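Inspection log for the structure reproduced underneath, given as structure tokens.
The values are calculated or read from the model by the stated rules, or taken from the named source; none is laboratory data. For clarity, every value in this text was computed on a predicted model and none was experimentally measured. Cβ placement follows ideal geometry from the backbone for every residue including glycine, while neighbour counts extend to all protein chains displayed. In case anyone asks, the SASA skips ligands and DNA or RNA and just uses the protein heavy atoms, side chains included. Shrake-Rupley method; radii C 1.70, N 1.55, O 1.52, S 1.80 Å.
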Amino acid sequence: MSDSVVTTTDDLDVRLEKHRVELTGYCYRMLGSSFEAEDAVQDTMVRAWRNYEKFEGRSSLRSWLYRIATNVCLDMLSAGNKRARPVDLSDSTPLAQAALSPRADNTWLEPMPDARVLPAVADPAEAAVAKESVRLAFMAALQQLPPKQRAVLILREVLAWRANEVAELLDTSVASVNSALQRARATLAERDDKAADAAVSDPLDEEQRKLLERYVAAFEGYDMAALTALLHEDAIMTMPPFDLWLTGHDDITGFMTTIGSACEGSRLIPVQVNGLPGFAQYKPDPETGGYAPWAVQILEISDGGLTGFHFFLDTKRWFPLFDLPLHLDAESDEVEEGA
């Protein structure tokens with residue numbers, strides 16, 4: 001069956017669902033929010049279902065869906081909110097001045113499970129580009145672009161659409177698309193990115209796998225000497241929704257043994273998040289004797305060490321998104337890896 005021929009509502013539902021993951025990835029890059037992206041895709045699907053009789057097959061169903069999704073995202077971005085990382089909003093704080101000051105949820109870039117935004121592709125190079133394009137540093141850079149430039153950059157550089165296809169989608173000229181792409185590239189080139197994501201092999205190479213094994217042993221054992229050995233001197237740690245971020249292994253391990261000391265005895269469960277290795281962190285729960293969810297961690301790796309790790313603490317939102325349990329029993333030896 002071609003994209004333009006649908007005989008039943010069931011057929012249409014199947015055709016629409018086939019594009020859900022890639023559309024979620026697109027909307028996530030546009031919006032910087034896991035939940036807003038899923039809302040945008042659901043809105044896109046509803047609009048497509050309601051207006052399918054007006055779709056005359058002049059383009060593919062996929063292109064039509066991207067047009068709808070782009071308009072939905074542009075409408076959502078009209079308020080002008082730009083999501084960010086803590087490193088984008090302030091300077092790092094010395095440990096002696098550390099204070100946990102939360103900001104509103106819509107301030108922050110949000111984590112996203114790979115499985116919800118990265119469709120399976122056969123081409124390793126295409127898969128690598130897709131993963132790089134949802135990493136935190138690139139996502140933060142996208143947020144600095146005006147919405148239409150953001151759409152052009154994603155469509156042209158991430159999804160490899162031709163300029164004439166983007167022009168048709170945005171109801172503009174090829175010259176306008178090329179100009180927007182040049183301006184977007186120039187903006188990204190000017191960024192002096194603190195905490196830029198490092199190159200991570202896909203799949204992880206042996207050295208990176210061993211580094212993660214050492215990290216898990218150090219974190220679960222709360223061995224600060226072992227953790228220090230894994231961190232680059234200028235490594236960073238962030239903890240949204242708090243705007244505090246720390247630089248350097250002395251301040252990081254100092255925080256973990258003082259303000260963050262309740263994390264001692266935690267367990268880590270691997271997750272695939274934002275194209276990078278990550279973990280669901282459960283800390284001891286004195287009320288139940290088991291473990292309570294505490295954070296989704298995203299790790300950045302470079303030159304045999306950790307350059308950054310980011311703790312997303314709103315577990316009531318994040319753990320269900322990753323299909324993770326909200327409690328671990330103390331006697332449980334193994335937990336199935338999250339999404």
**Report entry** Three-way shape label, the stretch 50-189, alpha-carbon gyration tensor, a/c 1.5
**Finding:** prolate
Requested in this report: Kindly provide the GluC sites (Glu not before Pro) of the stretch 175-275 that DSSP labels as loop, not H, G, I, E or B, and whose Cβ sees at most 16 other Cβ atoms within 10 Å.
Outcome: Glu264
Query raised in the report: For Ala115 and Glu206, what does the FRET efficiency come to when R0 = 25 Å and r is the distance between their Cβ atoms, rounded to the nearest 0.05?
Result: 0.55
Query raised in the report: Within straight cross-link reach of Lys54, meaning Cα distance under 24 Å, which lysines are found once same-chain residues fewer than 8 apart are removed?
Result: Lys18
Query raised in the report: Assigning unit charges at the beta carbon (Lys, Arg +1; Asp, Glu -1) and nothing else, what dipole magnitude in debye, to the nearest 20, does the chain show about its Cα centre?
Result: 1520
Report task. Mind checking which of Ala160, Met256, Ser78 is farthest towards the positive end of the chain's charge dipole, using Cβ charges of +1 (Lys, Arg) and -1 (Asp, Glu) about the Cα centre? Result -> Ser78
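Out of the stretch 26-92, which GluC sites (Glu not before Pro) are coil in DSSP terms and have no more than 11 other C-beta atoms within 10 Å?
Glu56
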Query - 20 Å-binned pair-distance histogram of the chain (Cα, whole percent) - result: 29, 54, 16, 0
Report summary line: Length-normalised contact order of the chain, Cα under 8 Å, at least 6 apart, in percent, tallies to 17
Requested in this report: Would you kindly compute the Cα radius of gyration of the stretch 18-130 and its largest Cα-Cα separation (Dmax), both in Å?
Outcome: 17.7, 64
Query raised in the report: If we count every other residue with Cβ under 10 angstrom of Lys283's Cβ, Lys/Arg +1 and Asp/Glu -1, where does the sum land?
Result: -1
**Report entry** Accessible area per residue in Å² at 1.4 Å probe, computed on the chain
**Finding:** 46
Query raised in the report: How would you classify the stretch 214-331 from its alpha-carbon gyration tensor, with a ≥ b ≥ c the square roots of the eigenvalues: rounded for a/c under 1.5, else prolate if a/b is greater than b/c, otherwise oblate?
Result: prolate
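Taking square-rooted eigenvalues a ≥ b ≥ c of the alpha carbon gyration tensor, is the stretch 234-288 rounded, prolate or oblate, where a/c under 1.5 means rounded and, failing that, a/b exceeding b/c means prolate? Mind showing how you got there, number by number?
Values: a/c = 1.90, a/b = 1.09, b/c = 1.74.
Oblate, because a/c is 1.5 or more while a/b does not exceed b/c.
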**Report entry** Selection from Ala225, Ser201, Trp294 lying farthest towards where the dipole of the stretch 200-313 points positive, charges on Cβ
**Finding:** Trp294
Query - Of the DSSP H helices in the chain, those whose Cα atoms cover at least 20 Å axially and whose Kyte score averages -0.5 or more - result: 61-76, 174-190
Query raised in the report: Out of the stretch 273-309, which chymotrypsin sites (Phe, Trp or Tyr not before Pro) are coil in DSSP terms and have no more than 14 other C-beta atoms within 10 Å?
Result: none
